[in-house]
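The values are calculated or read from the model by the stated rules, or taken from the named source; none is laboratory data. Here the structure is a predicted model, which means the values were calculated and not measured. Don't worry about glycine lacking a Cβ; one is built from the backbone with ideal geometry, like all the others, and counts go over all protein chains shown.
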Amino acid sequence: MTVIWAGLTLDRPRIMGVVNVTPDSFSDGGRLDPDAAIALGLAMRDDGADIVDVGGESTRPGASPTSPEDEQARVVPVIGALAKAGVLVSVDTRNAATMAMALDAGAAIVNDVSALTHDPAAAALAAARGCPVILMHMRGSSATMYDLARYDDVVAEVAAELADRIGAAERAGIARAAIAIDPGFGFAKLPRHSLALLRGLSALTAQDFPVVAGVSRKGFIGATSGEPDPARRFPGSIAAGLFALGQGASVLRVHDVRQTVQAVRVWRALAG
């Protein structure tokens, strides 16, 4: 039976393009001009992105918190313009008020790095709106997450902690079919943890939920490849992304859409 999530059939890999409307994202910060962010989102759609993920708060290690008001000022105009152009938009936010304004502007998906734990109102809002959600695994905050990167079995512990968040989402009234999960590569995980999690990803993809793999430009790729510049990590990103697809991931969250779409097409042809 073909799985449908967020209106997308998951009989083939789906591509989520990243638009960071932030001054300090780890890999591509500085896109504060709404027109530039809109143009980027439209280009990603034209290059084959199935979803465009718009965020206005950097959650990189050590990032300073962004007020919901600043976040909303950054993302709402971009989301509105992209949605009006027919783009399937997700909003990358931890704040319920931003979720509400983004959904009102035309966003269709809530992508929360805290798995709806940061804002006590977030789960109820997502349930009331009936929107698809992405629950990402993370421990602590941007300031504390690496202090909490301690695992005996990272795959089993991430799976168990995500199961807890899925249960909480369902108890809040979010439909099971609306939930996707993200292992949170690089979030509260040292490079060795992200590599082990990627190797063991089939333990998550074997469950009943689509898995979003956000490996693009991550620190573990830099640590493994020796490339310090996130913007120069595309080769490692595509290697990790295709490996994730081989483990059953449904969605790749990427910065380099056109190149990833081409690589996935070849990978699918070879995989039969």
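Sub-6 Å Cβ pairs linking a first residue in the stretch 251-270 that is over 20 Å from Val3 (Cβ atoms) to a second residue that is polar (S, T, N, Q) and in a loop (DSSP other than H, G, I, E, B), at least 6 apart or interchain, are Val254/Ser216; His255/Ser216, ordered by first then second residue.
The C-beta contact set for the stretch 69-88 (first residue closer than 14 Å to Ala108 by Cα, second residue of a type in the set (Asp, Glu) and surrounded by fewer than 24 Cβ atoms within 10 Å (Cβ to Cβ), distance under 8 angstrom, 6+ apart or interchain) comprises Leu88/Asp50.
The residue list Val158, Val215 contains one member that is closer than 26 Å to His255 by Cβ, part of a loop (DSSP other than H, G, I, E, B), among the aliphatic types (A, V, I, L, M) and modelled with pLDDT of 95 or more, which is Val215. Just to be sure I understand the filter: pairs with C-beta atoms under 6 Å, separated by 6 or more residues or on different chains, first member in the stretch 96-118 and touching a residue at least 60 places away in the same chain (Cβ under 8 Å) and farther than 25 Å from Val158 by Cβ, second member of a type in the set (A, V, I, L, M, F, W, C) and part of a loop (DSSP other than H, G, I, E, B). Which pairs pass? That search, which allows pairs on different chains as well, returns Ala108/Leu88. Is one or more of the residues making up the stretch 49-67 assigned to a helix (DSSP H, G or I) and over 16 Å from the mean Cα position of the chain (by Cα)? Checking the stretch 49-67: not a single residue is assigned to a helix (DSSP H, G or I) and over 16 Å from the mean Cα position of the chain (by Cα). Filtering the stretch 146-156 to residues that are surrounded by fewer than 19 Cβ atoms within 10 Å (Cβ to Cβ) and closer than 13 Å to Pro183 by Cβ leaves Tyr151, Ala156.
Candidates in the stretch 32-64 are the residues that are among the charged types (D, E, K, R) and modelled with pLDDT under 95; of these, the one that is farthest from Asn95 (Cα to Cα) is Asp35.
Please verify whether Val78 is touching a Pro at 6+ places or on another chain (Cβ under 7 Å), of a type outside the set (Gly, Ala, Ser) and buried (at least 24 other Cβ atoms within 10 Å of the Cβ), treating the condition exactly as stated.
Yes.
Among Ala159, Ala121, Ala102, Ala178, which is the only one that is farther than 22 Å from Ala244 by Cα, crowded, with 16+ Cβ neighbours inside 10 Å and among the small types (Gly, Ala, Ser)?
On the way: Ala159 fails: farther than 22 Å from Ala244 by Cα; Ala121 fails: crowded, with 16+ Cβ neighbours inside 10 Å; Ala178 fails: farther than 22 Å from Ala244 by Cα.
On inspection, the qualifying residue turns out to be Ala102.
Scanning the stretch 127-145 for residues that are at pLDDT 95 or above and over 10 Å from Asn111 (Cα atoms), which turns out farthest from the chain's Cα centre (by Cα)? In this case the residue turns out to be Ala128.
Restricting to the stretch 222-246, and then to whatever is in contact with a Lys or Arg (Cβ under 8 Å, 6 or more places away or on another chain), surrounded by fewer than 22 Cβ atoms within 10 Å (Cβ to Cβ) and not hydrophobic (A, V, I, L, M, F, W, C), can you tell me which residue is farthest from Arg192 (Cα to Cα)? It comes out as Pro230. Within the stretch 21-31, if we keep just the residues that are closer than 15 Å to Ser64 by Cβ and not β-branched (Val, Ile, Thr), the residue that is modelled with the lowest pLDDT turns out to be Phe26. Taken over the stretch 254-272, the criterion of being outside any helix (DSSP H, G or I) and either modelled with pLDDT of 95 or more or of a type in the set (A, V, I, L, M, F, W, C) (or both) is satisfied by Val254, His255, Asp256.
Here Pro120 meets each of (1) more than 22 Å from Pro77 (Cα to Cα); (2) at pLDDT 95 or above; (3) under 17 Å from the mean Cα position of the chain (by Cα) with one exception, condition (3).
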